[in-house]
Amino acid sequence: MKKSDINSIFARPRKLLLHPETEWQAINRENWEGIELFKNFLVPLSAISSVCAILLRFLSTSPLYAIGIGIILFVASVVGCYITYRIAREYLINKVPQANRTVLHLAVYSSAVFIPFHCLSSGFSEGFLSQLMAICSLLCLRTLYVGLNRLTSLDAQYRKSALVIIGLLVIVSPIIIQQLLMIIFRIPTIYA
């Protein structure tokens, strides 16, 4: 992967953090299908974020533990986003036109803000930086809020409930999957 590819993968989450309104306008003009968006954007973003967590974990834990955490973070990020997409699609399927495309964008791009911060939070063993990254991961809710407010066809009442449902799914799905995988593979959480 070239350096320009890495920069372009992290450019969108950065723009969603700094200028969400204009970035959502650009997103609405794109015509990426589900598999393309996952394969060309979310999977590389999750992989690079997980590698960063591995490198940070090398500083404080054993290499085997660091690699295990990185792999689990990668799987949890991708699967968590997919679960968010599927459940949110079921909620919004009859409420907005082009629900499949709309929910795909909401799930993937909100997760794109959550994943790097969550991986960095898991990468720092403990302390201030880990907690700061965990709090920064909640900025995905702002991204989701701005994206939902662009849906003028969605009733305001449904917009509020969609914010709560999708927001919780973006945050909770990867964390639950991460914890389940740590239990299944018997990775001690004492280091987490």
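The values are calculated or read from the model by the stated rules, or taken from the named source; none is laboratory data. Treat the numbers as computed from the prediction; the structure is a model and nothing was measured. FYI the Cβ positions are ideal-geometry reconstructions off the backbone, even for glycines, and counts take in every protein chain you see. Ligands, DNA and RNA are excluded from the accessible area calculation, which covers all protein heavy atoms including side chains. Shrake-Rupley method; radii C 1.70, N 1.55, O 1.52, S 1.80 Å.
Here are the numbers for this structure:
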item	result
Some residue of the range 130-137 being among the small types (Gly, Ala, Ser), open to solvent by 30 Å² or more (accessible area, probe 1.4 Å) and in a helix (DSSP H, G or I)	yes
Residue satisfying condition, being within 16 Å of Val172 (Cβ to Cβ), touching a Ser or Thr at 6+ places or on another chain (Cβ under 7 Å) and part of a helix (DSSP H, G or I), within set Ser110, Ser122	Ser110
Those residues of the range 87-101 which are open to solvent by less than 20 Å² (accessible area, probe 1.4 Å) and touching a Lys or Arg at 6+ places or on another chain (Cβ under 9 Å), in sequence order	Ala99
Residue in the range 73-81 that is surrounded by 13 or more Cβ atoms within 10 Å (Cβ to Cβ), of a type in the set (Ser, Thr, Tyr) and assigned to a helix (DSSP H, G or I) present	yes
Unmet criterion (only one of (1) open to solvent by 50 Å² or more (accessible area, probe 1.4 Å); (2) polar (S, T, N, Q); (3) assigned to a helix (DSSP H, G or I); (4) more than 23 Å from Ile54 (Cα to Cα)) for Thr84	(1)
Helices (runs of 4 or more DSSP H) (entirely within the range 1-44) containing at least 3 residues that are in contact with a Phe, Trp or Tyr (Cβ under 9 Å, 6 or more places away or on another chain)	3-18, 20-29
Among the residues listed as Ile115, Ile177, Ile187, the single one being over 22 Å from Ile35 (Cα atoms) and either in contact (Cβ under 8 Å) with a residue 24 or more places away in the chain or surrounded by fewer than 17 Cβ atoms within 10 Å (Cβ to Cβ) (or both)	Ile187
Test: residue in the range 46-65 that is surrounded by fewer than 18 Cβ atoms within 10 Å (Cβ to Cβ) and under 20 Å from Leu163 (Cα atoms)	no
Per-region count, the range 143-158, residues closer than 14 Å to Ala99 by Cβ, of a type in the set (Ser, Thr, Tyr) and assigned to a loop (DSSP other than H, G, I, E, B)	1
Failed condition for Val96, given (1) over 16 Å from the mean Cα position of the chain (by Cα); (2) aliphatic (A, V, I, L, M); (3) part of a helix (DSSP H, G or I)	(3)
Ser161 vs. criteria touching a helix residue (DSSP H, G or I) at 6+ places or on another chain (Cβ under 6 Å) and assigned to a helix (DSSP H, G or I)	no
Residues located in the range 1-23, provided they are open to solvent by less than 30 Å² (accessible area, probe 1.4 Å) and either in contact with a Leu (Cβ under 8 Å, 6 or more places away or on another chain) or of a type in the set (Val, Ile, Thr) (or both)	Ile9, Pro13, Glu23
